[in-house]
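Written below as structure tokens is the structure these notes are about.
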There are 2 protein chains.
Amino acid sequence: MTSKDPGAPGLARLAGLIADESRAACLLALLDGRAWTAGELARHAGVAASTLSEHLGKLVAGGLLAEERQGRHRYVRLADERVAQLVEDLAAQVAPQARRPRTLRASSAGSAMAAGRTCYDHLAGRLGIAVTDALTVRGLLRQDTGFALTDAGLTWFDATGIPLRRTGRRPLARACLDWTERRPHLAGVAGAALCRHALDEGWCVRIGSERAVKVTPAGEDALTGLLGIDPAALR
Amino acid sequence: MTSKDPGAPGLARLAGLIADESRAACLLALLDGRAWTAGELARHAGVAASTLSEHLGKLVAGGLLAEERQGRHRYVRLADERVAQLVEDLAAQVAPQARRPRTLRASSAGSAMAAGRTCYDHLAGRLGIAVTDALTVRGLLRQDTGFALTDAGLTWFDATGIPLRRTGRRPLARACLDWTERRPHLAGVAGAALCRHALDEGWCVRIGSERAVKVTPAGEDALTGLLGIDPAALR
DNA sequence: CGGACGGTTCGGCGAGCACCGAAGCGTCCG
DNA sequence: CGGACGCTTCGGTGCTCGCCGAACCGTCCG
């Protein structure tokens with residue numbers, strides 16, 4: 001067989017989109033699931049606006065980002081959940097090595113991220129792991145034979161008032177490898193619904209404009225009452 | 001926030017390893033789960049041996065490949081199941097577009113691949129999908145709430161004589177998006193065990209030295225008897 | 001209406017890198 | 001022992017691509 005796999009050029013092109021430090025920084029920043037403006041991303045990546053404009057053009061053309069123009073702003077976000085998952089998976093593959101914060105500020109920001117954060121549209125960090133573990137030990141989520149909600153789990157979401165809307169082919173429950181904890185946490189439709197519910201109900205709030213989130217006193221009560229989570233483990 | 005995410009350089013470097021057409025061709029070829037020699041890969045990718053030697057050096061240094069020297073041969077394979085999954089996921093993201101075979105030979109090779117093939121260490125193509133679907137309708141695999149074997153599924157594997165050895169943190173069941181069918185098929189420990197059993201028992205055999213596999217008459221009997229699969233659907 | 005601002009386009013520069021062929025090294029085999 | 005073979009190392013070459021600043025366009029606001 002001397003014939004190259006026909007998928008090779010496409011694979012290389014896709015990887016090439018991510019294989020630039022500035023573009024990689026954009027994708028990681030956009031993992032918070034929100035839309036950023038071109039200027040914000042340029043400052044974040046530390047390059048000129050003109051440079052970043054070209055990067056955005058490539059990422060959008062490559063289908064990784066979706067854009068939305070509003071007035072003189074160009075808002076951009078990850079195209080869909082599949083792209084988010086891809087970036088997560090790649091980042092998780094990198095994680096094994098280096099994770100050493102340089103400055104004190106970065107260190108404290110890092111510890112906030114480690115305590116709790118959003119990962120695209122679901123919860124991650126110690127918070128995400130705590131929720132996932134609590135669901136598992138209560139028999140609502142099954143991880144020993146794969147990764148799926150149980151019938152009791154479906155009932156729990158329903159009873160708790162968290163609607164699970166099956167949309168397209170997105171799985172109801174999916175494992176997402178947590179960067180900081182090195183263990184899987186709940187993603188998919190259920191993970192997104194739970195995260196949205198937690199933010200809507202004020203169980204947790206975003207810290208600043210970053211991905212890190214903090215559990216509120218009301219949230220501690222709710223998580224303890226509903227899932228038996230020890231609040232001390234979340235700090 | 002003017003500080004770049006510390007993971008950006010690593011992410012870019014990892015993607016950069018895949019962002020070359022020759023290296024991408026190697027990774028796709030290695031998805032068959034076997035070890036290839038440097039020379040085989042050079043011919044496959046269509047570049048000089050010297051060029052490919054450098055590529056292998058980078059892929060090994062980057063942790064994507066594991067090498068094994070034997071005499072004057074340099075055998076190389078994907079480092080682990082995580083890398084295989086990563087390449088699969090990236091390839092699946094590309095797939096939506098182009099899938100048009102050029103030559104007749106490529107077309108027939110393509111149809112054989114579409115009928116049945118291995119995907120790293122599990123079954124894929126119509127064969128993989130047929131098995132996955134059969135497991136699902138028989139209540140042995142649950143896909144509606146995630147992706148996990150049921151208790152009945154565990155019993156079935158045991159009764160059928162396919163041992164499931166839990167190794168490290170690899171999930172027992174995992175969904176792997178099928179390139180050709182655009183639907184998930186069974187991967188993980190169970191998928192690998194099933195594939196190995198099928199090859200060991202002669203249910204299917206490799207076609208030539210490629211990833212494509214063909215179901216044998218004995219295999220048709222076994223799949224029909226054990227899972228109620230219609231042999232006609234596999235051709 | 002005019003200036004500030006966000007974003008884009010363009011030209012040019014410099015670095016990185018994939019590629020090859022030639023030469024060299026170790027292994028295998030007649 | 002000598003030649004074939006698989007692989008690696010090394011220069012050298014050409015192209016790609018990320019980057020910037022300057023100029024330009026449209027939007028927002030005083």
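The values are calculated or read from the model by the stated rules, or taken from the named source; none is laboratory data. Because the structure is predicted, anything quoted here is derived from the model rather than measured. Using ideal geometry, Cβ is built from the backbone for each residue, glycine included, and neighbour counts are taken over all protein chains shown. These accessible areas exclude ligands, DNA and RNA; they are computed on the full protein's heavy atoms, side chains included. Shrake-Rupley method; radii C 1.70, N 1.55, O 1.52, S 1.80 Å.
Quick notes on this structure:
- Rounded accessible area of B:Ser50 (nearest 10 Å², 1.4 Å probe): 80
- The alpha carbon gyration tensor of chain B gives principal lengths a ≥ b ≥ c with a/c of 1.5 or higher and a/b greater than b/c, which makes the shape prolate.
- Gyration tensor verdict on the stretch A:9-79 (Cα atoms; rounded if a/c is under 1.5, prolate if a/b is larger than b/c, oblate otherwise): prolate
- Only the Cβ atoms of Lys and Arg (+1) and of Asp and Glu (-1) were treated as charged; on that basis the dipole of chain B about its Cα centre amounts to roughly 540 debye.
- For chain A, with +1 on Lys and Arg beta carbons and -1 on Asp and Glu, the positive-most of A:Val60, A:Ser111, A:Val83 along the dipole: A:Val60
- Interface burial for B against A (accessible surface, 1.4 Å probe, total of both chains, Å², rounded to 100): 4700
- For the protein assembly as shown, the alpha carbon convex hull comes to 162 Å³ per residue, rounded to a whole number.
- Just the protein heavy atoms count here, and of the accessible area of chain A at 1.4 Å, carbon and sulfur take up 52 percent.
- Rounded to the nearest 20 debye, the dipole size of the stretch B:12-104 about its Cα centre is 260 debye, using +1 on the Cβ of Lys and Arg and -1 on the Cβ of Asp and Glu.
- Average partner coverage of A:161-171, which counts Cβ from other chains inside 10 Å: 1
- For the protein assembly as shown, the solvent-accessible area with a 1.4 angstrom probe is 46 square angstrom per residue.
- Annotation: amide H-H contacts under 5 Å for B:Cys119 (H modelled 1.01 Å from N, sequence separation of 5 or more, or interchain): B:Ala124.
- If R0 equals 41 Å, the separation of the Cβ atoms of A:Arg43 and A:Arg235 corresponds to a calculated FRET efficiency of about 0.85.
- Relative contact order of chain B, pairs being alpha-carbon contacts under 8 Å that are 6 or more residues apart, as %: 16
- Selection from B:Leu154, B:Thr180, A:Leu30 lying farthest towards where the dipole of the protein assembly as shown points positive, charges on Cβ: A:Leu30
- Peptide B:18-31 shows a mean partner chain C-beta count of 6 within 10 Å per residue C-beta.
- Taking chain B as a Gaussian network of alpha-carbon nodes connected by springs under 10 Å, the highest mean-square fluctuation of the residues B:Leu177, B:Leu27, B:Leu52 belongs to B:Leu52.
- About the Cα centre, charge dipole magnitude for the protein assembly as shown (Lys/Arg +1, Asp/Glu -1 at Cβ), debye: 1080
- Tensor-based shape of the stretch A:127-175 (alpha-carbon gyration tensor, a/c under 1.5 rounded, otherwise prolate or oblate): oblate
- Farthest toward the positive end of the dipole of the protein assembly as shown, out of A:Ala45, A:His122, B:Val205, is the Cα of A:Ala45, where the dipole comes from beta carbon charges about the Cα centre.
- Only helical runs count toward this figure. For the protein assembly as shown, summing -39,500 (n - 2.57) over DSSP H runs of n ≥ 4 and dividing by all residues gives -15000 deg cm²/dmol at 222 nm.
- Comment: the Cα-to-Cβ extended label point of A:Leu199, at 7 Å, lies 4.5 nm from its counterparts in the other copies, nearest first.
- Label point distance in nm, A:Leu226-B:Ala152, each placed 7 Å from Cα along Cα→Cβ: 3.2
- For the stretch A:24-57 and the stretch A:150-175, distance of Cα centres in Å: 33
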